[in-house]
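Some notes on the structure that comes next.
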Amino acid sequence: MKRISQETLYQILLHLTDDWEVKGVEVKEPDELYVDIEYVSSKWKDPETGASCSLYDHREERLWRHLDTMQYKTFIRCKVPRVQLPSGKVVTIEVPWADVIERHTYLLEKKSNRYPAMHKKSD
């Protein structure tokens, strides 16, 4: 059996491409876990035009709620990069784990939708 690091484990679990890398995993007692992700490529391909865009800067650190890891509430932390399009416009790139305006991941949303009774208020 091959042993892997916790960063590699989360890289696999989150299905991250080579452009994204888990840089660390932090446990904050009593029950929170933070997965730090970084965009490691120097370029980004605009999905609309196919143009290769250079990194411009990074936004402030942002948090997304993710599926729990065992008994720990899990969050993804990332300073999402912005790129400059050929038109000169600066835009924030999309992250592969969540919609642009959401503060939770696709996987958490999918699980929540699968079990709607969990969110139903009792009378």
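The values are calculated or read from the model by the stated rules, or taken from the named source; none is laboratory data. Computed from a predicted structure; not experimentally measured. Every residue, glycine among them, receives a Cβ derived from its backbone with ideal geometry; neighbour counts consider all protein chains shown.
Here are the numbers for the structure shown:
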{"read-out": "Identity of the residue in region 83-123, more than 13 Å from the chain's Cα centre (by Cα) and among the charged types (D, E, K, R), that ends up modelled with the lowest pLDDT", "value": "123"}
{"read-out": "Count of region 1-19 residues which are exposed (fewer than 13 other Cβ atoms within 10 Å of the Cβ) and outside any helix (DSSP H, G or I)", "value": "8"}
{"read-out": "Failed item in (1) in contact with a Ser or Thr (Cβ under 9 Å, 6 or more places away or on another chain); (2) on the phi > 0 side of the Ramachandran plot; (3) not aliphatic (A, V, I, L, M), with residue 96 passing the rest", "value": "(2)"}
{"read-out": "Test result for residue 64, aromatic (Phe, Trp, Tyr), over 12 Å from the mean Cα position of the chain (by Cα) and surrounded by 12 or more Cβ atoms within 10 Å (Cβ to Cβ)", "value": "no"}
{"read-out": "Positions within region 83-100 being within 13 Å of residue 46 (Cβ to Cβ) and either assigned to a strand (DSSP E or B) or touching a helix residue (DSSP H, G or I) at 6+ places or on another chain (Cβ under 9 Å) (or both), in sequence order", "value": "83, 84, 90, 91, 92"}
{"read-out": "Selected residue (criterion: nearest to residue 40 (Cα to Cα)) from residues of region 56-82 that are in contact (Cβ under 8 Å) with a residue 40 or more places away in the chain and β-branched (Val, Ile, Thr)", "value": "80"}
{"read-out": "Failed item in (1) surrounded by 11 or more Cβ atoms within 10 Å (Cβ to Cβ); (2) within 16 Å of the chain's Cα centre (by Cα), with residue 27 passing the rest", "value": "(2)"}
{"read-out": "Residues within region 39-55 that are in contact with a Lys or Arg (Cβ under 8 Å, 6 or more places away or on another chain) and either buried (at least 16 other Cβ atoms within 10 Å of the Cβ) or assigned to a loop (DSSP other than H, G, I, E, B) (or both), tallied", "value": "2"}
{"read-out": "Test result for residue 12, of a type in the set (Val, Ile, Thr), closer than 23 Å to residue 112 by Cβ and modelled with pLDDT of 95 or more", "value": "no"}
{"read-out": "Region 20-38 - residue that is among the charged types (D, E, K, R) and part of a loop (DSSP other than H, G, I, E, B) and, of those, farthest from residue 95 (Cα to Cα)", "value": "29"}
